[in-house]
Amino acid sequence: MNRDPIRALVFRLTAVTVALLVALSLLAGWSALRSFEQALFPELRLKAAGVAEELARQIDRALDYGIPLTELPGLTETLAREAAEHADIVHVAVEAPDGRILAAHGARPAWLAAPDRDAASEYDILTPLTSGGVTQAWLRLSLDPGWLTRASGDLMLEVASELLVAVLITFEILLLVVHLSLTRRPTRTGAPRPVNLVFLRLPVFLFCLSEELSRPFMPAYAQQLAPTAPWLPVDLAVSLPITLFMLVWALSQPFGARFSGRIGRGHAFVAAAGLAAIGLTMTALTEDLLAFLVWRCVTALGYGIALIAAQGVAVDHTTPADRASGLALFIGALLAAGVCGPVAGGIVADQAGPSATLLVGAGLALAAAAALVLLFGRSLRPVPSAAAPSPAASAAAAARTRIFPRLARDPRFAALILCSAIPAKIAATGILFCLIPLMLAEQGAAKAEIGRIQMLYFLAFIIVSPLAASLADRWRTQRGFILVGGLATLAGLTPMALPDAAWGAALAIGLFGLAQAMIGAPQLTLVTRIAARIEVPEIAAIGWYRLLERLGGALGPLLAVALAAIWSYREAALGIGLLCGLGALLFWLVYRGTPSAALSENSP
Amino acid sequence: MISLSRRQWLQWGGATALALSGGPLAADESPERVWRIFMVLGRGEGANEAGFKDYLARRGMKVEYTIRNAGGDPGRIAEILKEIKDVCPDLIYTWGTPQTRGVAGTWDDPRRCDHIRDIPVVFTFVAAPLDARIVRNLERPGGNVTGTIHIAPVEAQVNTILAYRSIQRLAVVYNPAERNSLLAVEGLRADWNRRGLTLIEAPTPLTDGKPNPDDLPGLLASCRDQGAEMLYIGPDTFIATTHRKLVADTALELRLPTFSVTELIVRSERALFALSSSSYGIGRLTGVKAARILLEGQAPGDIPVETLRRFSVVINMATARALSCYPPLSLLNFAEVVGL
């Protein structure tokens with residue numbers, strides 16, 4: 001793809017640096033993990049010894065009153081209560097001097113040494129129970145050997161996800177730095193240098209990050225504010241912020257495109273980023289649900305305009321031939337932010353709280369605006385050639401309105417939108433943005449953990465999407481991919497029903513991202529084909545397709561929360577999965593018989 | 001089993017502990033002033049009165065006490081009322097429900113003028129001042145009366161009983177001639193039945209309106225025969241104070257564990273356990289209210305009727321050993337143990 005020698009060099013430099021970084025970080029992470037286990041175990045023993053001492057003090061008091069341990073009521077309950085407060089203690093028992101167990105809670109792992117006081121294993125803490133200086137019995141506390149393994153496993157996941165974020169951010173910065181230093185060479189002709197679209201990545205990445213940070217906690221945050229609007233059902237209070245955001249975002253697209261064409265993409269991006277920063281700041285500060293909803297809408301407007309303006313930059317500065325690679329740069333930044341945002345946001349929110357995270361988001365939005373100004377300077381001023389002049393824009397808009405009836409009358413377009421695109425978007429907004437954070441928060445998961453699971457969706461998407469796109473093109477079976485993707489969405493979500501919810505959810509979201517990645521590119525290919533068949537401009541068809549898809553996506557949170565209110569979070573997710581699966585099947589049946597080979601594969 | 005957390009034990013009451021620890025200690029009036037306080041008691045001075053007097057002394061007040069014992073005799077009350085009207089003290093301190101009702105009357109009594117209406121009355125050792133119609137409202141009692149409640153809420157009592165032993169059948173022996181006893185049994189019955197448990201009620205027979213202590217052993221034995229697993233002793237002067245030794249000894253002989261809402265029968269006799277506030281502490285709290293009236297000039301009707309924030313479980317370990325009925329560890333952890 002990169003035949004340009006500079007790009008090839010950039011790519012190689014970046015690859016080597018990132019590889020080096022990954023290797024070093026893995027090494028550091030691994031050694032940290034080992035020292036974690038070594039350092040933690042004595043601490044665990046020390047804490048357990050404290051617990052044992054406190055328990056023994058209580059029992060000794062009973063012994064001092066002359067209460068025989070065999071007749072002391074509630075001993076087992078006391079042991080159980082203490083064990084329940086410490087996840088790392090697996091077994092507590094009071095043993096008579098002859099080894100007989102007088103009271104016990106929890107099973108001692110079988111592979112630990114036989115209960116022999118003289119050879120107490122390193123996982124056991126034995127404390128004598130005495131009265132008048134005479135040992136009457138022994139208290140045995142056993143640490144759970146599995147707990148340490150689980151704790152270091154959790155830590156490993158955390159380190160790995162943070163590593164991934166670090167690598168992606170480093171990649172973005174490296175890409176930029178290398179391009180900056182290479183393009184400073186004077187141009188031989190003295191003509192203005194063409195705009196380097198790589199520079200677009202950082203502003204877009206930072207800007208998307210500002211919004212993605214709040215992914216792990218947004219629905220639970222709205223749930224907290226729900227009591228300030230008693231007239232609104234709680235279910236609605238939870239889903240409405242996401243729904244309104246999607247709605248405003250979708251509706252802002254046509255306007256945003258015209259607006260940014262008129263005042264210049266750069267100005268539009270800066271203004272919209274400013275608007276989003278104000279929206280995020282006010283969202284962080286408000287304590288009232290109604291105001292919260294209003295500021296989410298303001299943020300959505302800024303978000304929508306900024307993204308369409310940035311996309312406009314990519315379109316303005318590419319020819320139809322290299323437009324795909326220009327847009328790929330843009331989408332790459334979006335996905336990188338999708339991976340980094342939830343993880344980073346979860347960590348910040350766990351440490352500093354949701355409001356602080358939203359304020360960080362506002363700062364990132366401003367940083368994105370600043371980055372765009374610094375990197376592009378005056379090159380994004382509205383110029384007649386780059387930005388569509390208003391008469392042309394309004395003509396295009398007029399054309400659009402006539403295009404829609406033609407698109408809507410096409411059964412294939414309707415099938416694609418209704419049976420595949422909208423269900424897929426509903427699944428994304430309903431499950432990924434709404435059900436997953438609510439369900440995991442209810443189970444007591446940390447926000448960083450929720451962010452890590454949400455990240456898996458984008459990660460699977462990044463890995464699978466290019467492969468799926470090229471395979472679908474090569475095998476000429478977009479329809480088949482859409483069917484398989486829809487069914488895979490349903491199949492992938494079934495691990496949600498697994499009893500170990502955190503792992504089930506993680507697996508489900510990974511598979512869900514994988515399934516969705518299979519259908520994105522084939523859907524777009526089919527839109528371009530339909531556009532060619534019914535002779536409407538491809539760009540307009542895609543515009544309509546995106547608008548309708550996002551409007552449908554706005555339904556996602558409403559549907560998800562409504563289903564969850566009737567059933568449960570898990571069943572609601574499965575229900576939406578079923579919608580995707582059945583939709584895909586229906587699509588396959590309806591779209592059947594369309595001669596696909598007769599049409600050109602690629603856009604003109 | 002009903003679980004009972006330490007927090008539950010501690011959350012009753014108001015800012016009582018604060019009132020006890022803070023406050024200016026210097027005399028607010030000239031040191032020459034001698035206050036006259038008239039005490040109407042049941043059977044002589046006890047820890048309650050010691051706490052009351054100590055508190056006022058700590059505030060630097062010089063007090064001249066007049067002490068009269070009514071001993072539950074309504075005839076004596078009339079004499080005492082007459083004396084009060086002659087002496088016209090600065091404040092009246094009453095101990096127990098009969099004495100308090102005798103002095104202050106009830107708020108809805110048509111013969112209001114017979115009782116004291118113009119001198120502040122501070123009562124103590126009244127279990128249920130609302131039910132006894134001594135005050136209309138605990139927060140703002142109104143009129144010339146305020147005071148302190150000495151027993152824990154009935155729900156807490158029942159929680160304590162069930163924390164000790166998860167029993168089904170509880171017997172209550174009481175003197176139906178004492179209004180406070182009747183009210184206490186009513187409250188107990190409601191709570192105990194709400195939990196689906198069985199309450200065996202054994203009122204003492206009355207001859208000419210008076211109970212006879214000779215009936216007590218037979219009454220307790222019949223409770224035992226009806227399958228009682230524990231005996232409940234309420235705020236009943238006849239049972240818990242006057243004949244406490246007879247009751248506690250008979251119960252022990254019958255191997256019937258005994259719970260009491262006051263501590264004397266556990267501390268001085270061999271009843272098994274009690275949930276009570278310390279009498280001395282209650283006396284001090286009563287002193288706080290008296291000082292607010294005398295030194296700070298507040299109207300009694302504006303001072304809330306309160307109880308201590310802290311109740312303690314008192315366990316007689318000698319009795320526990322004799323009955324082989326030991327407290328669970330959770331209760332023992334914060335109980336006061338006596339009778340070692």
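Note on segment B:114-130: residues that are at pLDDT 85 or above and not in a loop (DSSP other than H, G, I, E, B) amount to 4.
For residue B:158, the criteria (1) out of contact with any helix residue (DSSP H, G or I) (no Cβ under 6 Å at 6 or more places or on another chain); (2) part of a helix (DSSP H, G or I); (3) not small (Gly, Ala, Ser) hold in every case but one, which is (1).
So that you can scan it fast, the table gives a plain yes or no per residue for (1) among the charged types (D, E, K, R); (2) under 19 Å from residue A:179 (Cβ atoms); (3) loosely packed, with under 13 Cβ neighbours inside 10 Å; (4) at pLDDT 75 or above:
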| site | (1), (2), (3), (4) |
| --- | --- |
| A:1 | no, yes, yes, no |
| A:5 | no, yes, yes, no |
| A:11 | no, yes, no, no |
| A:15 | no, yes, yes, yes |
| A:27 | no, no, yes, yes |
| A:39 | no, no, yes, yes |
| A:42 | no, no, yes, yes |
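Yes/no matrix, rows are residues, columns are (1) modelled with pLDDT of 90 or more; (2) exposed (fewer than 12 other Cβ atoms within 10 Å of the Cβ); (3) assigned to a helix (DSSP H, G or I):
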{"residue": "B:8", "(1), (2), (3)": "no, no, yes"}
{"residue": "B:20", "(1), (2), (3)": "no, no, yes"}
{"residue": "B:50", "(1), (2), (3)": "yes, no, yes"}
{"residue": "B:65", "(1), (2), (3)": "yes, no, no"}
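Restricting attention to segment A:224-259, the residues being out of contact with any helix residue (DSSP H, G or I) (no Cβ under 6 Å at 6 or more places or on another chain) and not in a helix (DSSP H, G or I) number 4.
When the criteria are applied in full, residue A:14 fails the requirement of being in contact (Cβ under 8 Å) with a residue 24 or more places away in the chain, of a type in the set (S, T, N, Q) and facing chain B (nearest Cβ under 10 Å). Restricting attention to segment B:136-154, the residues being more than 13 Å from the chain's Cα centre (by Cα) and either modelled with pLDDT under 90 or assigned to a loop (DSSP other than H, G, I, E, B) (or both) number 9.
Matching residues to (1) over 30 Å from residue A:59 (Cα atoms); (2) among the small types (Gly, Ala, Ser); (3) in contact with a helix residue (DSSP H, G or I) (Cβ under 6 Å, 6 or more places away or on another chain):
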| site | (1), (2), (3) |
| --- | --- |
| B:239 | yes, no, yes |
| B:256 | no, no, yes |
| B:259 | no, no, yes |
| B:266 | no, no, no |
| B:293 | yes, no, yes |
| B:305 | yes, no, no |
| B:312 | no, yes, no |
| B:333 | no, no, yes |
| B:336 | no, no, no |
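When each of A:384, A:411 is tested for being modelled with pLDDT of 75 or more and more than 32 Å from the chain's Cα centre (by Cα), the lone residue that passes is A:411. Among the conditions (1) part of a helix (DSSP H, G or I); (2) surrounded by fewer than 23 Cβ atoms within 10 Å (Cβ to Cβ), residue A:453 misses just one, which is (2). For residue B:133, the criteria (1) touching a residue at least 40 places away in the same chain (Cβ under 8 Å); (2) assigned to a loop (DSSP other than H, G, I, E, B) hold in every case but one, which is (1). Scanning segment B:171-224 for residues that are closer than 26 Å to residue B:98 by Cα and of a type in the set (D, E, K, R) yields B:178, B:179, B:186, B:189, B:191, B:201, B:208, B:210, B:214, B:215.
Of the residues making up segment B:309-339, those that are facing chain A (nearest Cβ under 7 Å), modelled with pLDDT under 90 and more than 11 Å from residue B:164 (Cα to Cα) number 1. Among A:96, A:52, A:62, which is surrounded by 17 or more Cβ atoms within 10 Å (Cβ to Cβ) and more than 14 Å from chain B (Cβ to nearest Cβ)? Checking each option against the conditions leaves just A:52.
Looking at the structure I just gave you, is residue A:70 over 44 Å from the mean Cα position of the chain (by Cα), buried (at least 17 other Cβ atoms within 10 Å of the Cβ) and in contact (Cβ under 8 Å) with a residue 24 or more places away in the chain? No: the conditions fail for residue A:70.
Here the strands (runs of 3 or more DSSP E) wholly within segment B:226-340 that include at least 1 residues being surrounded by 24 or more Cβ atoms within 10 Å (Cβ to Cβ) and without any contact (Cβ under 8 Å) to a residue 40 or more places away in the chain are B:258-260.
Take the conditions (1) surrounded by fewer than 16 Cβ atoms within 10 Å (Cβ to Cβ); (2) within 12 Å of chain B (Cβ to nearest Cβ); (3) free of Cβ contacts under 8 Å to residues at least 12 places away in the same chain; residue A:84 misses just one of them, which is (2).
The values are calculated or read from the model by the stated rules, or taken from the named source; none is laboratory data. The shown structure was predicted, so the numbers you read here are calculated from the model rather than taken from an experiment. When we count neighbours, we look across all protein chains shown, and the Cβ atoms used for this are built from the backbone with ideal geometry, even at glycine.
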